[in-house]
1. For region 76-96, state whether one or more residues are touching a strand residue (DSSP E or B) at 6+ places or on another chain (Cβ under 9 Å), in contact (Cβ under 8 Å) with a residue 60 or more places away in the chain, surrounded by fewer than 17 Cβ atoms within 10 Å (Cβ to Cβ) and not in a loop (DSSP other than H, G, I, E, B).
2. What is the number of the single condition among (1) loosely packed, with under 14 Cβ neighbours inside 10 Å; (2) out of contact with any strand residue (DSSP E or B) (no Cβ under 7 Å at 6 or more places or on another chain); (3) touching a residue at least 60 places away in the same chain (Cβ under 8 Å) that residue 26 does not meet?
3. Which pairs do you get when a residue that is at positive phi and touching a residue at least 24 places away in the same chain (Cβ under 8 Å), found in region 172-197, comes within reach of a residue that is assigned to a strand (DSSP E or B) and surrounded by 15 or more Cβ atoms within 10 Å (Cβ to Cβ), reach meaning Cβ atoms under 9 angstrom, with the pair 6+ apart or on two chains?
4. Just the residues that are part of a helix (DSSP H, G or I) and either free of Cβ contacts under 8 Å to residues at least 40 places away in the same chain or under 20 Å from residue 48 (Cα atoms) (or both), please, taken from region 117-131.
5. Looking only at region 31-49, filter to residues that are out of contact with any helix residue (DSSP H, G or I) (no Cβ under 9 Å at 6 or more places or on another chain) and either without any contact (Cβ under 8 Å) to a residue 12 or more places away in the chain or part of a loop (DSSP other than H, G, I, E, B) (or both); which one of those is surrounded by the fewest Cβ atoms within 10 Å (Cβ to Cβ)?
6. Of all residues being farther than 20 Å from residue 61 by Cα and under 12 Å from the mean Cα position of the chain (by Cα) in region 125-161, which is surrounded by the most Cβ atoms within 10 Å (Cβ to Cβ)? Just the residue, please.
């Protein structure tokens, strides 16, 4: 009996100043981001989804709301474990400054670094705990989880048994779908990545 978990990265957010917004409130889907969410909704329109779980941040739950329009009667559940990585150290920085920061390099290269509020190991633990819980609760079913780039990448690497340092060479686009197929023991059977055109 397989359980299928679709990790959807939220649609593109409105961010004209190109800052690192992390968990800051007030960052909503752009026009393009709404189109991406509708594409995801249409993609799953013929799939029986049991529940849509979402990060509580605006760009994520707005994406989940749009997807739910294509799933009659499916409940949306806000889950803190799906939230963005804790970027409070870098919030409001310009994107180009982030990529020059030693603390950001430490975040990507050392899963147990103490230079950041949340390291890759911490993200892996919260995502693994959550995915195991929903796998057991939704045995044999199919669910959607709307989250953010690093939590999705880290979850995939964790369930594949790969090193978290692989985070720096992975990317998941806004509006993309990372699918984890888990067996009856909630162990990874296969994974896939989809970008909708």
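1. Yes, region 76-96 contains a residue that is touching a strand residue (DSSP E or B) at 6+ places or on another chain (Cβ under 9 Å), in contact (Cβ under 8 Å) with a residue 60 or more places away in the chain, surrounded by fewer than 17 Cβ atoms within 10 Å (Cβ to Cβ) and not in a loop (DSSP other than H, G, I, E, B).
2. For residue 26, the exception is condition (3).
3. Final answer for the pair search is 175/8; 175/9; 186/3.
4. So in region 117-131, the residues part of a helix (DSSP H, G or I) come out as 120-131.
Across region 117-131, the qualifying residues are 122, 123, 125, 128, 131.
5. Result: 46.
6. So the residue we want is 154.
A short reminder: the numbers here are calculations on the coordinates, not readings from a lab. Every value quoted in this text rests on a predicted model; they were computed, and no experiment measured them. Note: ideal-geometry Cβ built from the backbone for every residue, glycine included; neighbour counts use all protein chains shown.
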